[in-house]
Amino acid sequence: MDYLAVQLFNGLANGSFYALLSLGLAVIFGMMRIVNFAHGAFYMLGAFIAYFLLQQAGVGFWPALVIAPLVIAVAGMFLERVFLRRLAGLDPLYGFLFTFGLTLVIQDGMRLRFGVQGQPYSAPAELSGTVLLGAVSYPTYRLFVVAFCLVASIAVWFVIERTRLGMAVRAATERADLTRALGVDVDRWITPMFGFGLGLAALAGVLAAPMRNVSPLMGSELIILTFAVVVIGGMGSIAGAIVAGFLVGVLSSVGAIFDPAVEGIVVFALMAVLLLVRPSGLFGSIETR
Amino acid sequence: MRLPIRATVVAAAAVAAAVALPRLIYPVLALEILVWGLFAVAIDLLLGFGGLLSFGHAAYWGVAGYVAGMVARDLGAPFPLAVLAGLLGAAVLAVPLGYLSLRRTGIYFTMVTLAFAQMLYYVANELRPITGGENGLQGVSRTFPGLSLGPSLSFYYAALPLVLFGYFAAYRIVHSPFGHVLVSIRDNEARAQALGYDTARYKHIAFILSAGLAGLAGSVYTLGEHFASLEMLHWTTSGQVVLMTVLGGLGTLWGGVVGAGVFLMLRDFLSTSDLFRDAPGVVTGAIFILIVLALRHGLWPTFAVLVRRGLGRFA
């Protein structure tokens, strides 16, 4: 029973990363119709920025939680302006291939410099130690990650689904030309939204640094799992990204109770089942190409 | 069946080039170009003619490699049987995976194929007793009664007919009524449906055929390398073959061979440089970015013009 509880919390912690990453993917896809393969690479860069800030400048976890997403967001806006803008209007496959190439360059470039070995990064002192949850003690930091990601996800959901700014963004997503005709400057929002999506990836990276080792390959498998999460949740659906993220995290960890090997399979099995019974995903509407 | 004269001349020239290739460059590289070329053609069959980008064909290339490797090593079967087993294994696997992946279209389809291939990578890594896990399937030998296929050059010529058969099959598929329906689905699926074609079925069959060709290529590759590696199932493999296809030119069928040739020669050329040895992804990725930004038509149009000029001198 205790083990089940621990695994449940582990699942929520893992799910937090899926949720944050697929949220960023959904925002970017909604705005630009680009499936950002490099999302995992920027997650990794976020973790590395936190690591460098600590090593080189003695800047700790809390400032890094703000600085890293900002740095990546600015880099992302530059990337959108210089390269991705040229791909607007083309088949989405070119955006996918571009970001795939970018992933290889970033990932192997970092590997060239740092090797594949992970660098340790410790949780801030305030969050070290464990908390007693009923009968089991659980690492404080992981609880913090779950709470933080839950709040961040809901905040993003609120901004996009419940505010005027979000309304403009959603309108641009559904019918860009009609939105333009109504006097909304759609293109003005593309660059910041791309930066914002990447910033979320970097945020996930900083949060992951104390839990997982900081290594050049940390985002490489994660991005593909996140794609599966996105398919499960329904692409472009903000709520779907969040719910599917936590759902996959929890089911995987609970599955590990029966057999550790099950953990890696759950997400794919869930995806297969959903493709059979509800191809557009949990929260997906009728899909557009 | 009558082939047009020009097609016959081109085909003869291509076969002659395939026969001469291992004399010009070393045989291992020649075999690699031959099979990666077929792999890229399989991708183009699906993407260039069906409009479906599979980013998970490493699954079929890799699973075929493991099946062929096991049949050759554990059953001692002659190599064409091992290749056949690998091809069938890939095609059978493509029946359920293709069905599920094709429940989505466009870029979603791409993501699903990628995820399923990753699942197989994970499974192969977990099934250590059967697949050898991270070490791969080692000690695969190729045999055929009455032939000694140890040297790379001998195996190249022994395997050549099988691979050429794959190329020929791709040509026949694309130029058959089936191929034309496939193109019409790519261009306007709703209209093809309105004309009475069961488009889902056509796409599924195209997927299985493409997986079979990828399996044929992967089987020969494994026998050529003497082992099946876990890397064959990795997503970078799927990416690499798509790169070759796009580099060659989409919808050209043979462009993939040019793409594979250029890419592998470049890799061979760069293999002595430090950058490439330690971080091949930097080079591969940079090529990807370059193609997408500046060379979306691929190399084939340029290449075709050069070949036509060359042939024009003789005809």
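The values are calculated or read from the model by the stated rules, or taken from the named source; none is laboratory data. Since the model is a prediction, treat every value here as computed from it, not as a measurement. As a convention, Cβ positions derive from the backbone with ideal geometry for all residues, glycine included, and neighbour counts pool all protein chains shown.
Annotations
- Among the helices (runs of 4 or more DSSP H) confined to the range B:207-315, the ones with at least 1 residues that are away from chain A (no Cβ under 12 Å) and of a type outside the set (V, I, T) are located at B:235-248, B:255-270, B:300-314.
- Positions within the range A:118-137 being more than 23 Å from the chain's Cα centre (by Cα) and either in a helix (DSSP H, G or I) or at pLDDT 80 or above (or both), in sequence order: A:A125, A:E126, A:S128, A:G129, A:T130, A:V131, A:L132, A:V136, A:S137
- Meets criteria (within 14 Å of another protein chain (Cβ to nearest Cβ), crowded, with 24+ Cβ neighbours inside 10 Å and not polar (S, T, N, Q)) for A:G236: yes
- A:G199 being within 16 Å of the chain's Cα centre (by Cα) and of a type outside the set (A, V, I, L, M, F, W, C): yes
- Condition met for A:G205 (under 30 Å from B:N125 (Cβ atoms) and either surrounded by fewer than 23 Cβ atoms within 10 Å (Cβ to Cβ) or within 14 Å of chain B (Cβ to nearest Cβ) (or both)): no
- Residue satisfying all of: in the range B:127-140; surrounded by 15 or more Cβ atoms within 10 Å (Cβ to Cβ) and out of contact with any Leu (no Cβ under 7 Å at 6 or more places or on another chain); farthest from the other protein chains (Cβ to nearest Cβ) among these: B:L137
- Total residues in the range B:72-112, condition among the β-branched types (V, I, T), at pLDDT 95 or above and surrounded by 21 or more Cβ atoms within 10 Å (Cβ to Cβ): 1
- Among the residues making up the range A:240-266, those that are more than 17 Å from the chain's Cα centre (by Cα), touching a residue at least 24 places away in the same chain (Cβ under 8 Å) and surrounded by 20 or more Cβ atoms within 10 Å (Cβ to Cβ) are A:S252, A:S253.
- Residue count, the range A:91-116 (criterion: crowded, with 24+ Cβ neighbours inside 10 Å and either of a type in the set (S, T, N, Q) or more than 7 Å from chain B (Cβ to nearest Cβ) (or both)): 4
- 1 or more residues closer than 14 Å to A:Y18 by Cα and in contact with a Leu (Cβ under 9 Å, 6 or more places away or on another chain): qualifying helices (runs of 4 or more DSSP H) within the range A:158-248: A:186-208, A:222-233
- Test: residue in the range A:159-167 that is touching a residue at least 12 places away in the same chain (Cβ under 8 Å) and touching a helix residue (DSSP H, G or I) at 6+ places or on another chain (Cβ under 8 Å): yes
- Selection status of A:D177, among the charged types (D, E, K, R), free of Cβ contacts under 8 Å to residues at least 40 places away in the same chain and either in contact with a Lys or Arg (Cβ under 9 Å, 6 or more places away or on another chain) or surrounded by 17 or more Cβ atoms within 10 Å (Cβ to Cβ) (or both): no
- Qualifying positions in the range B:78-104 - assigned to a loop (DSSP other than H, G, I, E, B) and touching a residue at least 12 places away in the same chain (Cβ under 8 Å): B:P78, B:L102
- Just one residue in the set A:V214, A:V273, A:V184 is β-branched (V, I, T), more than 14 Å from chain B (Cβ to nearest Cβ) and surrounded by fewer than 21 Cβ atoms within 10 Å (Cβ to Cβ); that residue is A:V184.
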